[in-house]
Structures are given as C-alpha cells and as structure tokens.
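Comments concern the structure below.
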Amino acid sequence: MKDPKNILQNDVINPNTPVEEITDPVIKNMGIRLLVKREDLNHPFLSGNKWHKLKYNLVAASEDGFDTILTFGGAYSNNIYALAAAGKMFGFNTIGVIRGHESLPLNPTVSFAVDSGMRIYYLDKDSYRKRDSNSFVKTLKDKYGKFYLIPEGGTNSLGVKGASEIILNVTDNYDYVSCACGTGGTLAGIIIRLAGKAQVLGFSVLNDGNFLVEDVEKMVFQSSGCKYDNWDIILDYHFGGYAKINSELINFINRFEKINNIKIEPIYTGKLFYGIYELIRTGYFKRGETILTIHTGGLQGMLGMEPKIRKLLNGKNNN
Ligand SMILES: *Cc1c(COP(=O)(O)O)cnc(C)c1O
C-alpha cells in the first residue's frame, strides 16, 4: 500500500471536487460571482488542504524508506487528524506531538487519531515552542526510532507543492482567489500555481498574522524562485485569534450554511467567508468580478468546538 503510486493515484480521494457558485442574494445583489472550490469534499477524513499538503510528504517518506511519520499540532488539529487517517489508509505508523497536556475524555480529534493507530506525545506549551530544536527531535528519535518529520500544519516545501495543485482542475475564470491562512503554506502554493495571474487574498485566522507576509514571500521564493506582488494578507477577520469566536461569527456561519447548503467551521473557513462577505458588502470588489474561494475542509474540528459554541450562544440568550 505504501507504494508512492498508490498514494498519488489512489481511488479514494476525489481529485475533481466541484466548484459551486454561491447564489445568496446578498452576494448576487452586489453583482459579484462568488465561487467555492469544494475541497472539503475530497475525502471524509483525509480532507481539504491537509491532503494536498501531506501527499508529497507521504511519497517522500515512502521513497526514503520510512515506516513512521511524525507531525505536530494542537489538540484539535486538522493536520494531526489527517496524518492519522493517512497512516491508516496507506500503511504508515504515525506519531502526533500534541501541544498541551492530555485531557480526558479524549476530544473527538485525538480520539479519532488514537483509533486510527496514531501514538500521541503530549508536550507542554513552553516546550512546544522549541519543538523543532535538534535536542527535542533527538529526544523523540530516542523514544520512537527513525521517523519522517512533517512540521506543524504540514507546511514544508512538499506541502506547498501539494497545495499548489488545489486549483489545478479549476476551469472557471476568476479575478481573485482566496483562502484562510494559518501558516500560509496553502496560500503560497496558490500564488505559485497562478504565477502572477489574478489577485490572491489570504485571510489570517491569527491575531498576529503579520508574520505571514514574510513567511509566504519566503515560501513562494524558495519553491518557485520568483517574487509576485499580486497577493495580500487580510488581517481584519481573525475574531481575536486562533479558534477565538463570537456570536456574530457563529450567526454568520449558521446563516451561510442554511442559505448556501455548504458547511463551514469557525476556525478557518467561517472567518474566510465572513471576511469575503464583508469585503463584498463594503465594495472592495468591482461589480462583475469573480472570486474563487477555497473551502479547505477542517469540518472535523467542529465536533470539538461545539461545547464552546453552545456556551457562547446560551450566554447570549441569558442577557
Ligand atoms: C490548516 C488549515 C488551513 C490553513 O492552512 P495553511 O496552509 O497552514 O495556511 C486552512 N483551512 C483549514 C480548514 C485548515 O485545516
């Protein structure tokens, strides 16, 4: 199963997910064509941009003779979840280094990872910051033996290469492409694929997303040898930071899902679409323009967010 050919040419992950047009009157009335590349539909577990960021890493691990792959992430990480699924599907042992302490019962993300055969190593928040240091990687090697290491978020040059293929099969014309940004690896891939065509907007889901400008520029240059200026990072729609939410965001998501029949979540795609809607509403785009948004998946994270959302909405009702 671990044959690289089986990884890239598998028949379980849909390489031709649809592009759907948003028919919401709020958007239509502004004269904007809003398209969604439904990468959330590529696979139920190994979904969204995480499949693309993992795929060439899986191939490299296989070609270099690794049986075991290790990656990093928070307790609700889509990257941890996707690697666990990939390990089970393609026959790798997997290790997830998780930021923070074990919390029981296991949340749905970690529980899925463990059920898929992933071994979990918990790392307190201070040590997690030094996760890439040689001394910590050596500690892990002493414990687990040889492994192929994928950084947090699946973002390395092979991750960027894979991400660049997200828009490979899109045949619609568009003026803008946009996606949510955590590490910016997906955005970098899109910029490279477009090679100067159209405008690219990345929506930071972090409150300190300024670093993304430099990081994305670096990743684009390392992977393509080029510099482009047809892209921007939008910093206004993080809602206070990573996984921070408020009732306005949740109400937006509920309305969006009802009207468009597309599920989104509050950590990445909810903030992306909230931002896009706001930019459309405030006239950022010209009438007649087409915006392609990337639905990067991540819906598994919803399970873990539900208690927080219930608390938020209940609090609101009591006021
Ligand atoms: C990880 C993730 C992102 C962010 O991707 P980066 O390449 O790290 O910027 C966006 N959306 C979803 C759903 C994700 O899981």
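Each value in this text was obtained by applying a stated rule to the coordinates, not by laboratory testing. Computed from a prediction, not measured in an experiment: that's the story for all the values here. Please note: Cβ atoms are built from the backbone with ideal geometry, for glycine as well, and neighbour counts cover all protein chains shown.
Could you name the lysines in cross-link range of LYS161, using Cα to Cα under 22 Å and dropping any fewer than eight places away on the same chain?
Correct list for LYS161: LYS2, LYS5, LYS37, LYS50, LYS53, LYS55, LYS197, LYS218, LYS227.
Relative to the longest principal Cα axis of the chain, at what angle does helix 301-318 sit, 0 to 90 degrees, rounded to 10?
With both axes taken from Cα atoms, the answer is about 50 degrees.
Suppose we look only past 14 Å in the calculated P(r) of segment 128-187. What percent of the Cα-Cα pairs does that tail hold? Can you show the working numbers first?
Values: 1201 of 1770 pairs.
Counting every Cα pair in segment 128-187, those more than 14 Å apart make up 68 percent.
Out of all DSSP beta bridges with both ends in the chain, state the antiparallel percent to the nearest 5.
Just about 10 percent of them are antiparallel.
Based solely on C-alpha atoms, express the radius of gyration and the Dmax of the chain in angstrom.
Every Cα atom of the chain included, Rg and Dmax give 19.3, 61 Å.
For the chain, calculate the relative contact order in percent as a whole number, restricting contacts to Cα pairs under 8 Å that are 6 or more residues apart.
Here the relative contact order equals 22 percent.
How large is ³J(HN,Hα) for each residue in segment 81-87, as worked out from phi by the Karplus curve 6.51 cos²θ - 1.76 cosθ + 1.60 (θ = phi - 60°), to whole Hz, x for Gly and Pro?
Coupling constants for segment 81-87: 4, 5, 5, 4, 5, 5, x Hz.
Where the centre of each part is set by its Cα atoms, how far does segment 229-287 sit from segment 59-117, in angstrom?
29
Quick one: net charge of ILE32's neighbours, Cβ under 12 Å, K/R +1, D/E -1?
Details: positive: LYS28, ARG33, ARG281, LYS286, ARG287; negative: GLU21, ASP24, ASP175, GLU289.
Net local charge, ILE32 excluded: +1.
Within segment 49-154, what percent of beta bridges assigned by DSSP are antiparallel, to the nearest 5?
Rounded to the nearest five, the antiparallel share is 5 percent.
Report the local net charge at ASP124: Lys and Arg +1, Asp and Glu -1, summed over other residues whose C-beta lies under 15 Å from its C-beta.
Values: positive: ARG99, LYS125, ARG129, LYS130, ARG131; negative: GLU102, ASP126.
Cβ neighbours under 15 Å give a net charge of +3.
Sum up the charges of everything whose Cβ sits under 13 Å from the Cβ of ASN6, counting Lys and Arg as +1 and Asp and Glu as -1, but leave ASN6 out. Kindly include the intermediate steps, with their values, before the conclusion.
Numbers: positive: LYS2, LYS5, LYS55; negative: ASP3, ASP11, GLU63.
Net of charged neighbours comes to 0.
Please report the relative contact order for segment 1-123, taking Cα pairs under 8 Å with a sequence separation of at least 6, and give it as a percent rounded to a whole number.
22
What do you get for the angle between helix 269-281 and the principal long axis of the chain? Use alpha-carbon atoms, 0 to 90 degrees, nearest ten.
20
Rounded to the nearest 500, what is the 222 nm mean residue ellipticity of the chain from helices alone, with -39500 (n - 2.57) per DSSP H run of 4+ residues and division by all residues?
-13000 deg cm²/dmol
Please state the shape class of segment 49-154: rounded when a/c is under 1.5, otherwise prolate if a/b exceeds b/c and oblate if not, all from the C-alpha gyration tensor.
oblate
Give me CYS181, CYS226 sorted ascending by neighbouring Cβ count inside 10 Å, so fewest comes first.
By the 10 Å Cβ count, ascending, the order reads CYS226, CYS181.
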